Every structure is written in structure tokens, then in C-alpha cells.
Amino acid sequence: QVQLVESVGGLVQPGGSLRLSCAASGNIFSTDVMGWYRQAPGKQRELVAITTTDGNGNYKESVEGRFTISRDNTKNTLYLQMNSLKPEDTAVYYCNAKKTIGDYWGKGTLVTVSA
């Protein structure tokens with residue numbers, strides 16, 4: 001079992017920044033792939049960023065250069081630094097961990113980008 005708890009999101013003005021964190025506990029290892037997904041109102045959940053074995057990340061094209069995924073394995077914590085936020089980034093953001101038996105999800109945190 002893996003438990004994932006996202007930090008509280010919030011309201012951010014366009015152009016602003018926000019860092020999300022995801023505290024992982026249970027059967028989680030530094031080699032497990034982890035990522036961030038989001039779901040906007042009326043839309044399907046989509047991949048935002050995912051960790052890679054080289055320590056970098058793969059990103060949804062629309063967030064490339066603005067978002068950075070990182071992890072601190074000593075704290076079992078995954079981060080998503082979001083800069084230059086746009087209204088279209090408004091969504092519920094979910095932390096994800098991939099295990100051989102399946103995916104684990106956090107409950108999600110709402111990020112609203114609005115003036």
C-alpha cells in the first residue's frame with residue numbers, strides 16, 4: 001500500500017507561482033515512477049509531469065519550461081514547481097505513484113489561476 005497526500009493548492013494570479021508537494025508513505029521506493037496529473041472541470045484527467053530514471057522529467061507540452069517536477073527521496077516527497085501560471089492551468093492536481101500492481105493516487109488539490 002502507498003499513501004499519497006498533496007499539499008493545499010490555492011488561488012494564484014496569472015503569471016504567479018506555486019509549489020505543490022506530495023508526501024508519500026508506505027511501500028514507496030526511490031525507483032518508483034511518480035508523477036502529477038490534473039483534471040480541469042469537464043475534462044479528463046491528464047498527465048502533467050512524470051519523473052524519469054535520469055532524474056529529469058517528462059512534461060505535457062503546454063507546461064514545458066514553466067513547470068518542474070522533482071523529488072526528495074530522503075523525505076519521500078514529490079514536488080511540482082509551477083511558474084508563469086495561466087488560467088488554463090486551473091485544475092485539481094493529483095499525485096500519482098506507479099507500482100507493478102497498479103497506480104496509487106492522492107485525493108487531489110485544487111489550483112485556481114485567476115485575477
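The values are calculated or read from the model by the stated rules, or taken from the named source; none is laboratory data. Computed from a predicted structure; not experimentally measured. Note that we place each Cβ from the backbone using ideal geometry, even for glycine, and neighbour counts take in every protein chain shown. Each accessible area value is taken on the protein alone, full model and side chains, heavy atoms only, with ligands, DNA and RNA left out. Shrake-Rupley method; radii C 1.70, N 1.55, O 1.52, S 1.80 Å.
Computed quantities for the displayed model
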quantity: Largest-first ordering by accessible area, 1.4 Å probe, given options I69, I101; calculated: I101, I69
quantity: Listed residue (L47, L85, A23) projecting farthest to the positive dipole end of region 20-115, Cβ model; calculated: A23
quantity: Rounded to the nearest 10 Å², the accessible area of L110 at probe 1.4 Å; calculated: 100 Å²
quantity: J(HN,Hα) series, region 67-80, from Karplus relation 6.51 cos²θ - 1.76 cosθ + 1.60, nearest Hz, glycine and proline x; calculated: 10, 9, 9, 8, 9, 10, 5, 5, 10, 6, 10, 9, 10, 9
quantity: All-pairs alpha carbon distance profile, region 64-115, 5 Å steps from 0, percent; calculated: 5, 15, 21, 26, 18, 10, 4, 1, 0
quantity: Carbon + sulfur, % of accessible area of the chain - ligands and nucleic acids excluded, 1.4 Å; calculated: 49 percent
quantity: Residues with amide H under 5 Å from that of T90, placed H, sequence gap 5 or more; calculated: V113
quantity: With all protein chains modelled, accessible area of M34 [1.4 Å, Å²]; calculated: 10 Å²
quantity: Where region 1-79 is the region considered: accessible area per residue in Å², 1.4 Å probe; calculated: 59 Å²
quantity: Count of Lys pairs (Cα-Cα under 19 Å; at least 8 positions apart or interchain) in the chain; calculated: 9
quantity: Nearest-20 debye value, the chain charge dipole, Cβ charges on Lys, Arg, Asp, Glu; calculated: 180 debye
